[in-house]
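S.K.: I'd like to ask some things about the structure below.
No lab work stands behind these numbers, since they all come straight from the coordinates. This is a predicted model, so every value here is computed, not measured. FYI the Cβ positions are ideal-geometry reconstructions off the backbone, even for glycines, and counts take in every protein chain you see.
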Amino acid sequence: MRSAQRFFSRWQNWVGLFLVLIFVVAAVAAPLLSPPDPKHPGPMKIIGRATLRMPQPPSKAAPLGTLSNQASVYHALVWGSRSALLFGLSVTLISAIIGTIIGMVSAYFGGFVNSFFMRLTDALLSFPIIAAIVLVQQLISIALYNGGIRIYTQGAILQLPSGEVIFDPNNFPGMMNFLLDLDPVLIALLLLSWMPYARMMNTMVLRIKKTEYVEAARAVGARHFRIIFKHLLPNAISPIFVLAARDIAGMVILQATFVFIGFGKGAPWATVLVYGRDWIYSQGGIFTYWWVFLPVTLALIAFGIGWNLIGDGLNDTLNPRFH
Amino acid sequence: MLPFLRHLVRRLFSILLTLFITTALLYATVMLTPAETRAELYMPKNFSPRMTEAQYQAMLERNIERYHLNDPFPVQYFFWITNLVQGSWGYSPTLQEDVLTAVARRTPATVEVILFSILAYLPLGLISGVIAGSKQHKFSDHSFRVSAFIATSLPPFILAILMMAFFYINLHWFAPERISSAHSLFIKSDDFRQVTGLLTIDGLLNGRPDITLDALRHLAMPVITLAVAQWATLGRITRASMVEELHLDYVTAARARGVPESRVVWTHMFRNVISPAFASSMVSAASLMTGIFVIEIIFNYPGVSYIALRSMNNIPDAPAALGFAIFSIILVLLLMSILDLIQYGLDPRIREKV
């Protein structure tokens with residue numbers, strides 16, 4: 001209880017909570033805030049005639065203007081917060097669980113197991129994410145190519161060994177559609193973001209393992225499973241929350257970055273920037289077409305600040321050094 | 001001298017171990033593909049793309065036979081790694097050239113970005129962190145904290161977009177890519193001696209300071225984008241450890257002895273706050289590398305990232321993807337070693353720890 005009091009006594013934490021709450025509300029109430037187009041659901045809602053080919057300034061139908069393809073920026077902003085939260089939370093949760101388990105179990109058993117897993121962790125720490133994305137994309141491409149899929153700018157076709165060609169993606173084998181929809185950024189992030197958690201957990205558990213209450217639990221014959229999850233985990237987990245809160249923002253920003261340079265899919269916020277890029281990169285365009293980049297940029301920055309403030313607050317609250 | 005050698009040997013051993021683990025993992029992922037794909041990893045340097053289909057198939061068969069591609073993992077890994085060490089990284093169908101040649105040709109451009117960003121952010125981050133920490137709660141501390149907070153909150157790719165819009169499109173101060181088209185022909189000609197491959201230094205060596213200036217004009221945006229985020233992170237960590245250090249006994253003792261404040265800060269405390277700052281820099285070396293490649297792509301800078309960009313085109317190209325991965329790991333390890341050596345030079349405690 002005292003830590004909750006500590007947490008709420010700092011105004012920075014209130015700001016962080018408030019910022020995050022905005023995105024949570026936008027994510028939950030997205031269908032109310034900006035009803036989707038029943039014919040084309042998704043973060044890109046086309047407003048008006050697509051033949052205009054110019055970003056249109058804010059109007060009643062599109063409160064934050066439109067992109068060059070006449071998609072509403074406001075709609076993408078609202079639905080983008082849903083996908084950003086979903087992406088950040090799920091990637092962070094999965095990598096935190098993987099890292100926690102690896103770090104904890106290897107520290108508990110110690111000796112050779114520990115040095116093996118920590119060597120692996122350290123080695124993977126020097127593996128840049130961008131290389132993993134390229135590698136995952138190549139594995140997908142190779143699997144698709146060997147399965148007979150040929151990808152062109154207009155879409156994919158399936159070439160059967162008999163020479164027959166299938167154009168409709170609905171008639172592809174399920175496996176091929178699954179591979180076509182895979183996001184290399186998501187997979188690479190899942191594979192390569194658990195290491196900080198493992199290291200953190202490892203040092204914590206190695207320290208706690210030697211304390212008397214763990215010795216006592218072992219002396220009365222508690223099983224490994226019980227000691228790990230009943231005694232070690234609750235006492236070592238707090239720094240994990242700090243890392244995770246900061247990681248949620250980091251993952252979303254990383255995803256947006258990779259979508260912006262064309263390496264990933266999803267991330268409506270970054271897609272808005274991709275559509276807006278040519279208009280930002282024009283003489284005076286950054287002032288004329290402010291709505292193609294300013295709303296999503298502010299959203300990304302606020303999302304990052306919000307989670308980082310919460311992370312800092314948790315760090316102050318949970319870190320024993322400051323008590 | 002002896003402790004330094006020991007340190008170096010230990011460092012080298014850990015680098016080799018990391019390389020072994022990562023390459024083994026890389027090859028393990030490649031094992032997911034059929035043997036024909038793995039056979040493409042062994043295409044020779046002088047491979048001709050004009051081969052007929054039958055000749056190509058025969059070549060794949062020969063490679064499968066020769067490099068034991070149907071054998072268990074350790075055998076295959078051994079053949080692959082010996083080949084890599086001997087310098088044959090395979091032929092890339094998308095780049096239409098040998099992977100190692102393609103990587104080596106683009107390395108100096110990437111090294112130039114890394115070098116200038118380190119030169120920019122390392123001293124700035126350490127110095128501003130130390131100053132802010134030693135003047136806790138004063139004006140310089142507050143202004144540092146506010147600007148570092150803004151710098152860390154601004155995602156680097158957003159900063160890159162803004163820089164492009166302001167400094168290139170509207171003001172024409174800086175430019176994307178690596179060199180102006182007016183100079184690029186001369187640089188490719190025989191009159192321009194390539195000594196280091198770094199245009200800023202080669203320009204001076206060739207007696208053409210205008211080329212150096214032009215290269216700097218093109219380097220400015222990537223370097224500033226990278227340095228801003230790195231400076232803020234490094235400065236914040238340095239400041240935090242400085243604040244913790246302020247109330248320790250040795251600081252009070254030095255002050256009581258009448259040691260001037262600047263000497264207390266820069267000789268006594270500075271060496272103690274270096275280690276945490278460098279430790280965090282080394283842990284984040286891989287994400288710095290990712291950042292460098294991303295920034296290169298955004299600014300159209302012709303570095304090693306070009307290979308990653310081309311490998312994302314849905315065309316099967318295992319040699320290029322593997323080559324890029326291995327090369328970027330090597331760059332990360334080099335970056336870590338450089339930071340380690342600087343830390344070794346600055347922090348006396350490491351020398352005694354051995």
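S.K.: With viscosity set to 1.002 mPa s and temperature to 20 °C, compute the Stokes-Einstein D of the protein assembly as shown, Rh being the Kirkwood radius across alpha carbon pairs; µm²/s, no decimals. Mind dumping the intermediate values first?
M.R.: Numbers: Rh = 27.7 Å.
In µm²/s, the coefficient rounds to 77.
S.K.: Something else about it: In whole Hz and in residue order, list the ³J(HN,Hα) couplings for the range B:189-201 that follow from phi through the Karplus curve 6.51 cos²θ - 1.76 cosθ + 1.60, θ = phi - 60°; x for Gly and Pro.
M.R.: Values, residue by residue: 7, 6, 5, 9, 7, 8, 9, 9, x, 7, 4, 5, 7 Hz.
S.K.: Summing +1 for each Lys or Arg and -1 for each Asp or Glu, what net charge is found among the other residues whose Cβ lies under 12 Å from the Cβ of residue B:129? Walk me through the intermediate numbers first.
M.R.: On the way: positive: B:135, B:145, B:236, B:239; negative: B:141, B:245.
Around residue B:129, the charge tally is +2.
S.K.: Nearest 10 degrees, 0 to 90: what angle lies between the long axis of helix A:111-125 and the longest principal axis of chain A (Cα atoms)?
M.R.: Rounded to the nearest ten degrees, it is 30.
S.K.: Taking 25 Å as R0, compute the FRET efficiency from the Cβ-Cβ separation of residue B:330 and residue B:119 and round it to 0.05.
M.R.: Values: r = 21 Å, r/R0 = 0.84.
My answer for the efficiency is 0.75.
S.K.: Per-residue mean of other chain beta-carbon atoms within 10 angstrom of the beta-carbon, peptide B:281-287? Please list the in-between numbers first.
M.R.: Working: counts 0, 2, 6, 2, 3, 10, 7.
Mean number of neighbouring Cβ atoms from other chains: 4.
S.K.: To continue, here is another question. Whole Å is fine, so just give me how far the alpha carbon centre of the range B:234-296 lies from that of the range A:81-153.
M.R.: Measuring centre to centre over Cα atoms gives 32 Å.
S.K.: To continue, here is another question. So what does the Cα-only Debye profile of the range A:22-133 read at q = 0.10, 0.15, 0.17, 0.19 Å⁻¹, as log10 I(q)/I(0), no solvent term?
M.R.: Here the Debye-derived log intensity ratios amount to -0.53, -0.76, -0.85, -0.96.
S.K.: Once both axes come from the Cα atoms, what is the angle between helix A:268-280 and the longest principal axis of chain A, in degrees from 0 to 90, rounded to 10?
M.R.: Around 50 degrees separate the two axes.
S.K.: Compute the long axis of helix A:129-146 from its Cα atoms, compare it with the longest principal axis of the Cα atoms of chain A, and write down the angle in degrees, 0 to 90, nearest 10.
M.R.: That works out to roughly 60 degrees.
S.K.: Using the Cα centre of the protein assembly as shown as origin and beta-carbon charges of +1 (Lys, Arg) and -1 (Asp, Glu), tell me which of A:217, A:248, A:94 is placed farthest towards the positive end of the dipole.
M.R.: Result: A:217, furthest along the dipole toward the positive end.
S.K.: What percentages, rounded to whole numbers, describe P(r) for chain A computed over all alpha carbon pairs with 10 Å bin width beginning at zero?
M.R.: 5, 20, 25, 24, 15, 8, 2, 0
S.K.: Expressed as cubic angstrom per residue, what is the convex hull volume of the alpha carbon set of the range B:89-201?
M.R.: Values: hull volume 20.6 nm³, N = 113.
Normalising the Cα hull of the range B:89-201 by residue number yields 182 Å³.
S.K.: Normalised by the empirical 2.2 N^0.38 Å for globular proteins, what value does the Cα Rg of chain B take? Could the numbers behind the result be given before it?
M.R.: Numbers: Rg = 24.3 Å, N = 354, 2.2 N^0.38 = 20.5 Å.
Against the empirical 2.2 N^0.38 Å value, I get 1.19 for chain B.
S.K.: I've got another one for you. I'd like the distance separating the alpha-carbon centroids of the range A:162-231 and the range B:309-326, in whole Å.
M.R.: Rounded to whole Å, the Cα centres lie 26 Å apart.
S.K.: What's the local net charge at residue B:305, with K and R +1, D and E -1, over the other residues with C-beta under 11 Å away? Show your work: numbers first, answer last.
M.R.: Working: positive: B:106, B:310; negative: B:296.
Local charge sum for residue B:305: +1.
S.K.: May I pose another question? For the protein assembly as shown, what does the helix formula give at 222 nm: sum of -39500 (n - 2.57) over DSSP H segments with n ≥ 4, over the residue count, nearest 500 deg cm²/dmol? Walk me through the numbers before you get to the answer.
M.R.: Details: 31 runs with 458 residues, N = 677.
Value at 222 nm, helices only: -22000 deg cm²/dmol.
S.K.: Using Cα centres only, tell me the gap between the range B:73-145 and the range B:171-227 in whole Å.
M.R.: Measuring centre to centre over Cα atoms gives 19 Å.
S.K.: Another question about this same structure. Taking amide H atoms as placed 1.01 Å from N in the peptide plane, list the residues 5 or more away in sequence, or in a different chain, whose amide H sits under 5 Å from that of residue A:149.
M.R.: A:159
S.K.: Next up: Please identify the helices of chain B, taking whole runs of DSSP H, that span at least 15 Å along their own axis as judged from the Cα atoms and have a mean Kyte-Doolittle score of 1.6 or higher.
M.R.: On the way: long enough: B:2-30 (42 Å, 1.39); B:53-66 (20 Å, -1.25); B:73-85 (18 Å, 1.05); B:99-134 (50 Å, 1.41); B:139-153 (21 Å, 0.37); B:209-245 (47 Å, 0.47); B:270-283 (20 Å, 0.86); B:285-298 (20 Å, 2.06); B:318-346 (42 Å, 2.05).
Qualifying helices, which must be both long enough and hydrophobic enough, are B:285-298, B:318-346.
S.K.: Need one number: nm distance between label points at residue B:96 and residue A:157, each 7 Å from Cα along Cα→Cβ, rounded to one decimal.
M.R.: Here the modelled spin labels are 2.3 nm apart.
S.K.: Follow-up. Charges on Cβ only, +1 for Lys and Arg, -1 for Asp and Glu, centred on the Cα centroid of the range A:1-59; of A:11, A:55, A:40, which one is farthest towards the dipole's positive end?
M.R.: Most positive-ward Cα: A:11.
S.K.: Within 10 Å of each Cβ in A:114-121, how many Cβ atoms from other chains are there, averaged over the peptide?
M.R.: Details: counts 0, 0, 0, 0, 0, 5, 3, 0.
The per-residue average across the peptide is 1.
S.K.: Across peptide B:156-163, what mean number of C-beta atoms from other chains lies inside 10 Å of a residue's C-beta?
M.R.: Numbers: counts 2, 11, 12, 0, 3, 9, 4, 0.
The mean count of partner-chain Cβ atoms within 10 Å per residue comes to 5.
S.K.: Also, I was wondering about something else. Would you calculate the convex hull of the Cα atoms in the range B:14-125 and tell me its volume per residue in Å³?
M.R.: On the way: hull volume 15.3 nm³, N = 112.
Taking the convex hull of the Cα positions in the range B:14-125, it is 137 Å³ per residue.
S.K.: On to the next question. Within a Cβ distance under 14 Å of residue B:118, other residues only, what is the Lys/Arg minus Asp/Glu net charge?
M.R.: Values: positive: none; negative: B:112, B:340.
Surrounding charge for residue B:118 is -2.
S.K.: Something else: How big is Rg to Rh over the range B:142-271, alpha-carbon atoms, Rh as the Kirkwood inverse-mean-distance radius? Mind showing how you got there, number by number?
M.R.: On the way: Rg = 21.8 Å, Rh = 18.3 Å.
Rounded to two decimals, Rg/Rh equals 1.19.
S.K.: Sorted from fewest to most neighbouring beta carbons within 10 Å, what does the list B:98, B:141, B:210 look like?
M.R.: B:210, B:141, B:98
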